[in-house]
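Remarks on the structure that follows.
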């Protein structure tokens, strides 16, 4: 009987750890209707409209978060309550103390896996991408956030030319964007009108307020959308680059998200690569002349390392 109780207790604590990890950012069961409050109006202009959370996107089973329905929550919690009430050992005091953490809850909407028009996907940048998509003639699509967007900043352009100058390449990444913004853009003109041979995707660092599992779901949703838009393209899915310094929680969250999205690699349509270690020394700090002082964005030396790391793989995927 004692062994049985400890087995159930172990399962209970495992459920608690899973629940805490998914709910660490909020106690809500539903996402807010807006992602950010309205920005104050600029000189002579109205305040931009708030970002409205869009509909959920499909997520691959490899990265999907288990989401209990209301009936399952009731059933599991009733069983846990019976177990706690029946415990006659000293452990019951601890079980009752941590019962609010142990009990299962319905999970909130994952904004990272929604088709949401972010501020970044409004206006000229998005419209320009749609026009470029309609022109066709794109063999390689680069997608993501500022880390990919900045390939073509003046200081980094020579590296872009070095590695992509001989390829019909389009860069639809936008600084500051998130998984949900990339999803919206692909579904609304940026993923139609052309059929690239390959896509290089890295996204997720700007979803830092969400859990690693939620970020992974958002990335998985993008991979599904890319597969739907470009069924013949090969997707080079890059692990999110490290940021900050060793021991920082954001570094650990990125590593966990990368472990999850690695499951999307099927060696047929999706090919996962984590090249983050190439930017770091043996202690885990960024190598000199590779990243800016913000410990987030590469400089030309970092883009050179990036390009060299993916050059052969991209050539193989584009054959």
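Within the range 242-264, identify whether any single residue is assigned to a loop (DSSP other than H, G, I, E, B), modelled with pLDDT of 95 or more, under 18 Å from residue 306 (Cβ atoms) and within 14 Å of the chain's Cα centre (by Cα), and answer yes or no. Taking every residue of the range 242-264 in turn, at least one turns out to be assigned to a loop (DSSP other than H, G, I, E, B), modelled with pLDDT of 95 or more, under 18 Å from residue 306 (Cβ atoms) and within 14 Å of the chain's Cα centre (by Cα).
Given the structure, is residue 239 without any contact (Cβ under 8 Å) to a residue 40 or more places away in the chain, buried (at least 18 other Cβ atoms within 10 Å of the Cβ) and within 16 Å of the chain's Cα centre (by Cα)? Can you show your working first?
Details: without any contact (Cβ under 8 Å) to a residue 40 or more places away in the chain: yes; buried (at least 18 other Cβ atoms within 10 Å of the Cβ): yes; within 16 Å of the chain's Cα centre (by Cα): yes.
Criteria met by residue 239.
Being touching a strand residue (DSSP E or B) at 6+ places or on another chain (Cβ under 6 Å), in the same structural domain as residue 241 (by TED's automatic domain parsing) and within 18 Å of residue 130 (Cα to Cα) is a property that residue 180 has. Considering only residues that are surrounded by 15 or more Cβ atoms within 10 Å (Cβ to Cβ) and touching a residue at least 40 places away in the same chain (Cβ under 8 Å), look in the range 80-97 and name the one that is farthest from residue 269 (Cα to Cα). For the range 80-97, the residue satisfying everything is 87. Give the range 285-319 a look and list any residue that's at positive phi and out of contact with any helix residue (DSSP H, G or I) (no Cβ under 8 Å at 6 or more places or on another chain), or say none. Listed by number, the list holds a single entry, 295. Here residue 77 clears all of (1) touching a residue at least 40 places away in the same chain (Cβ under 8 Å); (2) more than 28 Å from the chain's Cα centre (by Cα) except the condition numbered (1).
Matching residues to (1) crowded, with 16+ Cβ neighbours inside 10 Å; (2) farther than 20 Å from residue 198 by Cα; (3) in contact with a helix residue (DSSP H, G or I) (Cβ under 7 Å, 6 or more places away or on another chain); (4) in the same structural domain as residue 216 (by TED's automatic domain parsing):
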site	(1), (2), (3), (4)
132	yes, no, no, yes
135	no, no, no, yes
155	no, yes, yes, yes
160	yes, no, yes, yes
170	yes, no, yes, yes
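Out of all the residues in the range 278-297, is one or more closer than 22 Å to residue 146 by Cα and in a helix (DSSP H, G or I)?
Residues of the range 278-297 closer than 22 Å to residue 146 by Cα: 278-280, 285-297.
Now narrow it down to the ones that are in a helix (DSSP H, G or I): 278-279.
Yes: one or more hits.
Kindly indicate whether residue 254 is closer than 25 Å to residue 54 by Cα, touching a helix residue (DSSP H, G or I) at 6+ places or on another chain (Cβ under 9 Å) and crowded, with 22+ Cβ neighbours inside 10 Å. Yes.
Summed over the range 287-319, residues that are surrounded by 14 or more Cβ atoms within 10 Å (Cβ to Cβ), more than 25 Å from residue 267 (Cα to Cα) and over 22 Å from the mean Cα position of the chain (by Cα) total 5.
Take the conditions (1) outside the structural domain of residue 184 (by TED's automatic domain parsing); (2) modelled with pLDDT of 95 or more; residue 145 misses just one of them, which is (1). Please indicate, with yes or no, whether at least one residue in the range 250-267 is under 24 Å from residue 163 (Cα atoms) and free of Cβ contacts under 8 Å to residues at least 24 places away in the same chain. So far as the range 250-267 goes, yes, one or more of its residues are under 24 Å from residue 163 (Cα atoms) and free of Cβ contacts under 8 Å to residues at least 24 places away in the same chain. Within the range 35-43, is even one residue in contact with a strand residue (DSSP E or B) (Cβ under 9 Å, 6 or more places away or on another chain), modelled with pLDDT under 90 and surrounded by 10 or more Cβ atoms within 10 Å (Cβ to Cβ)? Yes, the range 35-43 contains a residue that is in contact with a strand residue (DSSP E or B) (Cβ under 9 Å, 6 or more places away or on another chain), modelled with pLDDT under 90 and surrounded by 10 or more Cβ atoms within 10 Å (Cβ to Cβ).
If you go through the range 82-128 and pick out every residue that is at pLDDT 95 or above, under 23 Å from residue 210 (Cα atoms) and assigned to a helix (DSSP H, G or I), you end up with 6.
The values are calculated or read from the model by the stated rules, or taken from the named source; none is laboratory data. Because the structure is a prediction, the values reported are computed rather than measured. We place every Cβ from the backbone using ideal geometry, glycine too, and count neighbours over all the protein chains shown.
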